[in-house]
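Here is the structure we will look at.
The values are calculated or read from the model by the stated rules, or taken from the named source; none is laboratory data. Every value quoted in this text rests on a predicted model; they were computed, and no experiment measured them. FYI the Cβ positions are ideal-geometry reconstructions off the backbone, even for glycines, and counts take in every protein chain you see.
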Amino acid sequence: MSMPTPRHMTEFVESAESESTTRVSEIVGGLFAVCFGLPFTLVPLMLVPIAFIDAENGLFMQIFLIAFSLPFLFAGLAVQFTGFQSIRNGLFPKAKELEHVVQDATKDISAFEQAALQEVGDVEKENFWDTV
């Protein structure tokens, strides 16, 4: 005869299962985004050598191929950055909470620095020779 599980235990198990599936799906989605963005990131490596290897290509063609490949590079890097963020969030789910803590700490530090600079500014306003 099996004992019935308490309600709070079943809720804990269900939340742990849903959290693990969410984390796995974030990691898989992040890997997909990184792999999807990789060819776009590599477009300049395919186009720029063409511009410089052929001697008959003029300066305009070289500039055009470089300028044409840059949006692909930036779009690929943006997709890969998003994928890496998703992988990081899947591996370390508490990192989002820590970012808020770090941002609040930097705000406190910047307020402290501003107060210190204000004090230094007040001291500098006084005439140096009056203190000698």
Exercise. Is it true that T82 is surrounded by 13 or more Cβ atoms within 10 Å (Cβ to Cβ), among the polar types (S, T, N, Q), modelled with pLDDT of 90 or more and touching a Leu at 6+ places or on another chain (Cβ under 7 Å)?
Worked result: no
Problem set entry | Of all residues in the stretch 46-67 being loosely packed, with under 14 Cβ neighbours inside 10 Å and under 32 Å from the mean Cα position of the chain (by Cα), the one that is farthest from L31 (Cα to Cα) | I63
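Tell me which residues, restricted to the stretch 52-76, are under 29 Å from A33 (Cβ atoms) and touching a helix residue (DSSP H, G or I) at 6+ places or on another chain (Cβ under 8 Å).
Keep residues of the stretch 52-76 that are under 29 Å from A33 (Cβ atoms), which gives 65-76.
Hits for the stretch 52-76 are L65, I66, F68, S69, L70, F72, L73, A75, G76.
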Exercise. Among the residues of the stretch 9-22, is any at pLDDT 80 or above and either on the phi > 0 side of the Ramachandran plot or surrounded by 15 or more Cβ atoms within 10 Å (Cβ to Cβ) (or both)?
Worked result: no
